[in-house]
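Since the structure comes first, as structure tokens, the remarks are kept for the end.
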Amino acid sequence: MAGALVLGAVGKVMGLIDIPLRALQKIGGQGGMAAFFLLPNMAVFLVFVLIPFVINFIYSMTGGAQIFLDKRPFVGLDQYRQIFSCTNYLDPNSCIQDGFWTAAGNTALFVVIQVALMIVVSLITAVILNREIIGRSFWRAVFFFPVLLSPVVVGLIWRWILQRQGLLNYITYELFGAEQFNWLTDRTTAFAATIGVSIWAHMGFYTLILLAGLQAIPKDLYEAAEMDGTSHGRVFWRITLPLLMPNLIVVLVLALIRAVQVFDEVFVLTGGGPGTSTMYLIQYIYEKGFASELRDPGLAAAASILMGAVLVVLTLMQMAASRRNEKKGER
């Protein structure tokens, strides 16, 4: 009886909602209804994305250290001219804004190495987890678990492991008698640590994408290859890799975008040090705009606009590659 009353009440409420919706559909048609239901999302996009982007672009055309726009002088493209004022772009010391190009160089090197290793490690992990192994579901959960952690937690965990009195030095000293070493104060090992920690934290997500692609490959192809006596290596290069290419492209572009935006765990892990060896673009923008004593919000805004342009290019590359693969699939 109670269930019937609840259903009746719900039916009456839906009937009341249906009256204005039908009237709206008559006025605007099907397109008007689609716009009506998209309106809340578009409002959120307008308030939290489009308007901040416009404000950020305006900031990039102003100078000074003041925060409020009415106290900032208009300088036009001067911030962009400062960024690109270099005699040799490969030598940050020859640039007026050497900090930007140092961060850009660190980011570029990080992206190249991290993305390449991320794809290789994720692919190997996905191939292994796709096999019939003991505790397969458990291992899948283990590899995906770091993705659920907060980047700050990831940074703190690995800082406790890699610092001089950390777990890694304790293990190496107790077991092998090795001298304690602070992995986060050496430029080379600190840079390598940021790459390793980033891969550990995010590889589960990309492994999941590749695993879904592997499971979508028809088993008949593998059975036919096995009957023909094809080697495992040839099966991988001739069957698995070509059919997995759409997923690999998605992983490549998502990993590129994520690597360009690296900040959270690295900021907690090394703080950009030692020196500027792990200073990446997002941290440069943050410190230039907010944390530095010699802050310059306009320069930070200009740097963020340039980085946003790079991300747009990467997104367009993903869309073009996806369309190309769809056309090949149709053929």
> So what are the radius of gyration and Dmax for the Cα set of the chain, in Å?
Replying inline: 26.2, 82
>> From Cα pairs below 8 angstrom and at least 6 apart in sequence, can you work out the relative contact order of the range 156-315, rounded to a whole percent?
In response: 22 percent
>> With a 1.4 Å probe and all protein chains left in place, how much of the accessible area of the range 177-331 comes from carbon and sulfur atoms, in whole percent?
In response: 61 percent
>> So, taking all protein chains as they sit and a 1.4 Å probe, how much accessible area belongs to Arg324, in Å² rounded to tens?
In response: 140 Å²
>> Which order do you get for Phe176, Phe181 if you rank them by accessible area with a 1.4 Å probe, largest at the top?
In response: Phe176, Phe181
>> For Lys71, what accessible surface area do you get with a 1.4 Å probe? Give it in Å², rounded to 10.
In response: 120 Å²
> For Leu129, what charge total do you get from the other residues with a beta carbon under 13 Å from its beta carbon, if Lys and Arg give +1 and Asp and Glu give -1?
Replying inline: +2
>> So, for the chain, what is the accessible surface per residue at a probe of 1.4 Å, expressed in square angstrom?
In response: 62 Å²
> Hull surface divided by four, with the convex hull built on the Cα atoms of the range 44-111: how many nm²?
Replying inline: 6.2 nm²
> When the accessible area of the range 101-170 is split by element with a 1.4 Å probe, what percent falls to carbon and sulfur?
Replying inline: 75 percent
> Order of 215-223, 116-124 by packing, highest average Cβ count within 10 Å first?
Replying inline: 116-124, 215-223
> Say the dipole of the chain comes from +1 at the beta carbon of Lys and Arg and -1 at that of Asp and Glu; which of Ser277, Leu90, Leu214 then lies farthest toward its positive end?
Replying inline: Leu214
>> Tell me the accessible surface of Arg140 in square angstrom (1.4 angstrom probe, heavy atoms of protein chains only), to the nearest ten.
In response: 60 Å²
> D for the range 215-324, whole µm²/s, Stokes-Einstein with Kirkwood Rh over alpha-carbon pairs at 25 °C and 0.890 mPa s: what number?
Replying inline: 141 µm²/s
> If you take the square roots of the eigenvalues of the alpha-carbon gyration tensor of the range 77-220 and sort them as a ≥ b ≥ c, do you get rounded (a/c under 1.5), prolate (a/b over b/c) or oblate?
Replying inline: oblate
> What do you reckon, how do Phe53, Phe48, Phe144, Phe100 stack up by accessible area (1.4 Å probe), largest on top?
Replying inline: Phe48, Phe53, Phe144, Phe100
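The values are calculated or read from the model by the stated rules, or taken from the named source; none is laboratory data. Because the structure is a prediction, the values reported are computed rather than measured. Note: ideal-geometry Cβ built from the backbone for every residue, glycine included; neighbour counts use all protein chains shown. The accessibility values were calculated without ligands, DNA or RNA, using every heavy atom of the protein model including side chains. Shrake-Rupley method; radii C 1.70, N 1.55, O 1.52, S 1.80 Å.
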